[in-house]
Amino acid sequence: MVSRGRRGTTVLKGLGVKYGATVRKRYSKVYSALKQKRRCPKCSSLQFRRIVIGIWHCSKCNFKVAGGAYNVEAQKLRR
């Protein structure tokens, strides 16, 4: 028997059908914005990540900045 591949890759870890499509779409949008690669505003390296909620840090130049919870520019996620 031939195994079937998955239809697509999603970032929905543990969200089943019981949460509904609207919640899954909203979670997918926020999670993908959180995990995307970002450039450091100071040194332009790709090692710019979130440490805790609202604190963003570049491990190359040790630059820290306060920003949004899921994105450095919090205005992008608002509707």
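Laboratory data are not the source of any read-out in this text; all were calculated from the coordinates shown. Since the model is a prediction, treat every value here as computed from it, not as a measurement. Cβ coordinates were reconstructed from backbone atoms using ideal geometry, including for glycine residues, and neighbour counts include every protein chain displayed.
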Legend entry - Integer Hz, Karplus 6.51/-1.76/1.60 couplings in order for the range 35-50, x for Gly and Pro: 8, 6, 6, 10, 9, 5, x, 8, 10, 6, 7, 8, 9, 9, 9, 8
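What FRET efficiency comes out for residue 33 versus residue 63 if R0 is 25 angstrom and r is the Cβ-Cβ distance? Round to the nearest 0.05. Could you put the intermediate results ahead of the total?
Numbers: r = 20 Å, r/R0 = 0.81.
Efficiency at R0 = 25 Å is approximately 0.75.
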Legend entry - the range 17-76: translational diffusion in µm²/s, Stokes-Einstein, Kirkwood Rh over Cα pairs, 4 °C, 1.567 mPa s: 104 µm²/s
